[in-house]
């Protein structure tokens, strides 16, 4: 799992907490900041997912190349 996914999830959760606290206290600024933190966290999490997918695809290609090389050697 990419570190951006972990950081993104943490930012998303912190943003939710901040937004919710702002709703409970009527603090519009905290609500807005919390919502923005959530957006940033979700974006970072999405970037981490893309990195994971690219890494997995590269690993699959390497595995296929290794299998093909074994078949040629046999």
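Nothing in this text is a laboratory measurement; each read-out follows from the coordinates by a stated rule. No experiment lies behind these values; they were computed from the predicted model shown. Here the Cβ positions follow ideal geometry from the backbone for every residue, glycine too, while neighbour counts run over all protein chains shown.
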For this session: Output the residues belonging to segment 1-29 that are touching a helix residue (DSSP H, G or I) at 6+ places or on another chain (Cβ under 9 Å) and not in a helix (DSSP H, G or I).
Result: 1, 2, 27
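Give the number of residues within segment 10-39 that are crowded, with 16+ Cβ neighbours inside 10 Å and closer than 29 Å to residue 59 by Cβ.
First, the residues of segment 10-39 that are crowded, with 16+ Cβ neighbours inside 10 Å: 11-12, 15, 18-19, 22, 30-31, 34, 37-38.
With the extra rule that they be closer than 29 Å to residue 59 by Cβ, the set shrinks to 11-12.
Selection size over segment 10-39: 2.
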